[in-house]
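Student: This is the structure I want to talk about, given as structure tokens.
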Amino acid sequence: MENYFLLEVGVEELPSRFVESTLTQIKENLEKSLKENRVEFKDIEKYGTPRRLTFVINQISDKQSNLEEELKGPSKKISVDADGNFTKPALGFMKSKGLDEADVYFKQVGKDEYLFGTLKQEGKATSEVLKEIVPAAIKGVTFPKAMRWGGKNMKFARPIRWMVALLNDEVLPINLEGIVASNVTKGHRFLGRKEIEVFSIEDYFKQLSKNFVVLDQNVRKEAIKSQAEEVAKSLGGEVEIEDDLLEEITYLVEYPTAFYGEFNKDYVKLPKEVVTTPMKEHQRYFPVSKDGKLLPYFIAVRNGDKHAIDIVKAGNEKVLEARLADALFFYDEDIKKPLESFVENLKTVVFQAKLGTVYDKTLRIEKLAQDIVETLDEKEILNDTLRAAKLCKADLVTNMVFEFTELQGVMGREYAKVGGENDAVAQAIFEHYLPRFAGDILPQTQEGVALSIADKLDSIAGFFAIGIKPSGSQDPYALRRQALGILSILLDKKLDINLEKLVGDALDNYDYLTFDKAEVTSQIMDFFIERIKNLFKDLGIRYDVIDAVLSSNLNSISDIHTRAVELNKWLQKEELVEMLTAFNRVSTLAEKAETDMVDEALLKEDAEVKLNAGFKEIKAQVEGFLANKEYNKALDAFASIKPLVDNLFDNVMIMDKDEAVKANRLGLLKQIYDTMLTICDLSKIVYK
């Protein structure tokens, strides 16, 4: 049988959101430590439930590989004295490395000889290595919140109660601050045996299965999904399964059993999100629908078998009934008056102490949204956009959103429809929160796009104006996420908007604050540039290409992205290295120019006359291609100047003794460089 190591860490029920990350961290810690300690292995499998974290290291070697390392010490002239004895530096080197005089020797390196020694170390048994690295791997896990227990120094998300450690069927008594590993595990908390002795890895899996533990999270997940689909089918509907909820439930149970519950049909008349939010967010239930319409059923997953399932069903129905009754009451109360009537109450809700109330924010959003609409020349949507801006935060003070905060925007849309607002206004109210998280949907309506950008940019501008900026991992107001949201919208809709001007417009709405507008604008643009770099990297664009297009001082994000994509393609050319070498030389000399003025009367050499004439033609071509956003053609046109540039460098001394001639030649190169910058900065491209 192939060597293996089995580790099970038994815990009190972990929060489901911690299980996957804990498994991953321990696995990575083990992999790193095994490699550092020269212990060979094939791979590490990880399995997790709320009560146990299990790892199987396959084909692990019996011992560390032997270490033989050549170490370099001081030079011979420093290592020995006139009598040929070792000096203090040499003896210090030997002592620090655990070497004897018999272990060292001199070796020629370049022109000098140096003292060397070979360190040999016999590999330890894998069992000894594991005793050291396993506790460290477990202790090395980080959590958003951790706890101590039982007088121990270590922290973990929940108390660790037992460990199983088998190395090739033999118990390895690893000690984790008094918790000593054995071969005794535990079954399901309610259905399985409290103590189960296991004698091999096969026995371990077999005993857990017999004791109602489905150890493999992927098997549990598939079981939950298939059971839920089968139950929904029996009800004449389809189960609505979201990946995040499915994963959460997977790590809430060890032995899943899906069952259905019912609720009053009257609740189906409510907006769908009003019913499904308490189900999913509060109770972890799957909704059931047919042809997109909600049915009066839900599917829950029990951590156990079907014993007394009717009692469990009734209990879950009772809990959901109470939540839906609250939702219905809140809904009926809220729709007794139009959404606009809630706007006045926003004056009592503080957005941020220095930035005013949420009502103040809606006024700023209105102004900025109008600027955006006018910039895009979409005047036909202006009235609906401004109306939506006025109402976009009103649902924050409704009964429903106060109780179910996840429904902000959703209830604004629904209450707007009930109040008689048109579809464009209602949808824009919902869309102005989009995207809410990474991978979320983006606004699709023009009104929603304008409102979403205005809302997010207002927050970024305000917080930067009062000196609150993200730093390191700290971003309490989610400004990074809001910036990425803006950029994602601009790219998705290919909007040609001058971002720097828009930032200025947003800052103008804070004219009651004292700040340096130019300085804050620069800070915000730098902030956006960092987000652009991250976004473009995720889209597969080279880092040097990103730097090249950002050097062009452009403000249209969509245009920058288009340039980056075209440059990415253009860089596949075979003659790339020669072209970039020439243009790097141009950029280096252009930086020394004090002016871009060129006096044609001072152009004496044939090479510089031809370059000047050829450049004028090429510049006109480049400008024409740029006007039509044909960036690949613009790059080709600009690159065609290379032979003329090479001819100049081969035959003309740029740094002429005559200062006027030198300045003239540098001015010509600066004109060429500046034209390059209208496309991108090719000097930023890394090449071999």
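Student: At a Förster distance of 41 Å, what's the computed FRET efficiency of residue 613 paired with residue 380, Cβ-Cβ distance as r, to 0.05?
Tutor: 0.25
Student: Determine, for 631, 512, 4, the number of other Cβ atoms within 10 Å of each Cβ, and report the residues in order from fewest to most.
Tutor: 512, 4, 631
Student: Pairs 456/533; 272/347; 379/493: which exceed 24 Å Cα-Cα?
Tutor: Pairs exceeding the cut-off: 272/347.
Student: For a label point 7 Å from the Cα of residue 440 along Cα→C-beta, name the residues of the stretch 261-275 whose backbone N is under 17 Å from it.
Tutor: Correct set: 273-274.
Student: Shifting gears a bit: Amide H to amide H under 5 Å from residue 106: which residues, 5+ apart in sequence or cross-chain, H placed 1.01 Å off N in plane?
Tutor: 116
Student: Something else now. Take every Cα pair under 8 Å in the stretch 171-249 that's 6+ residues apart, average their separations, divide by the length, and report that relative contact order as a whole percent.
Tutor: 16
Student: Please identify the DSSP H helices in the chain that span no less than 30 Å along the helix axis (Cα) and have a mean Kyte-Doolittle hydropathy of 1.6 or more.
Tutor: Helices meeting the span and hydropathy rule in the chain: none at all.
Student: Let me ask you something else. Quick one: if you stick a label point 7 Å off each Cα along the C-beta vector at residue 195 and residue 105, how many nm between them?
Tutor: For residue 195 paired with residue 105, the spin-label model returns 6.0 nm.
Student: Another one. Mind jotting down the three principal axis lengths of the stretch 561-684 based on Cα atoms? Whole angstrom, largest first.
Tutor: 44, 27, 23
Student: Once the cut-off is 19 Å, how many percent of the Cα-Cα pairs in the stretch 67-121 end up in the long-distance tail?
Tutor: 21
Student: In addition: Per Stokes-Einstein, at 10 °C and 1.306 mPa s, what whole-number D in µm² s⁻¹ belongs to the chain, with the Kirkwood radius over Cα pairs as the hydrodynamic radius?
Tutor: The calculation lands on 50 µm²/s.
Student: Give, in nm to one decimal, the length gained when the segment between residue 222 and residue 659 is fully stretched (0.36 nm per residue of separation minus the Cα-Cα distance).
Tutor: So the chain would gain 149.5 nm between residue 222 and residue 659.
Student: Once amide H atoms are placed 1.01 Å from N in the peptide plane, what residues at a sequence separation of 5 or more from residue 4, or on another chain, have their amide H within under 5 Å of its amide H?
Tutor: Distant-sequence amide H within range of residue 4: 60, 168.
Student: A follow-up question, please. Which stretch or stretches of the stretch 166-181 have amide N atoms under 17 Å from the point lying 7 Å from residue 146's Cα along the Cα→Cβ direction?
Tutor: What the label zone holds, given the 17 Å backbone N cut-off, is 176-179.
Student: Continuing with the same structure: Using a ≥ b ≥ c from the Cα gyration tensor of the stretch 217-323 (square roots of the eigenvalues), is it rounded, prolate or oblate, where a/c under 1.5 gives rounded and otherwise the larger of a/b and b/c decides, a/b for prolate?
Tutor: prolate
Student: Can you give the helix-only mean residue ellipticity at 222 nm for the chain, where every DSSP H stretch with n ≥ 4 adds -39500 (n - 2.57) and the sum goes over all residues, rounded to the nearest 500 deg cm²/dmol?
Tutor: -15500 deg cm²/dmol
Student: Let me ask another. Name the residue from 190, 167, 130 whose Cα lies farthest towards the positive end of the charge dipole of the stretch 128-211, charges +1 on Cβ of Lys and Arg and -1 on Cβ of Asp and Glu.
Tutor: Checking the options against the dipole of the stretch 128-211, the answer is 190.
Student: Given R₀ = 25 Å, what would the calculated FRET efficiency be for residue 202 paired with residue 124, taking r from the Cβ atoms and rounding to 0.05?
Tutor: That gives a FRET efficiency of 0.35.
Student: Classify the stretch 124-236 from the C-alpha gyration tensor, please: rounded if a/c falls under 1.5, else prolate or oblate depending on whether a/b exceeds b/c.
Tutor: In terms of gyration-tensor shape, prolate.
Student: So for the stretch 561-684, averaging the separation of alpha carbon pairs under 8 Å that are six or more residues apart and normalising by length, what relative contact order in percent results?
Tutor: Value for the stretch 561-684: 44 percent.
Student: Sticking with this one: If R0 is 41 Å, what FRET efficiency do you get for residue 58 and residue 542 from their C-beta distance, rounded to 0.05?
Tutor: 0.65
Student: Shape of the stretch 235-292 from its Cα gyration tensor (a ≥ b ≥ c, root eigenvalues): rounded if a/c is under 1.5, otherwise prolate when a/b > b/c, or oblate?
Tutor: It is prolate, given that a/c is not under 1.5 and a/b is the larger ratio.
Student: When the C-alpha atoms of the stretch 419-556 are aligned to their principal axes, what extent does each axis show, in angstrom, from largest down?
Tutor: Largest to smallest, the principal-axis extents are 50, 41, 29 Å.
Student: Determine, for 200, 452, the number of other Cβ atoms within 10 Å of each Cβ, and report the residues in order from fewest to most.
Tutor: 200, 452
Student: Over the stretch 340-539, what relative contact order in percent results from Cα pairs under 8 Å that are six or more residues apart?
Tutor: Over the stretch 340-539, the number comes to 18 percent.
Student: While we're on this one: When 640, 182 are ordered from fewest to most other Cβ atoms inside 10 Å of their Cβ, what list results?
Tutor: Exposure proxy ranking, most exposed first: 640, 182.
A short reminder: the numbers here are calculations on the coordinates, not readings from a lab. Model, not experiment: these values are computed from the prediction. Cβ atoms come from the backbone with ideal geometry, glycine included; neighbour counts cover every protein chain shown.
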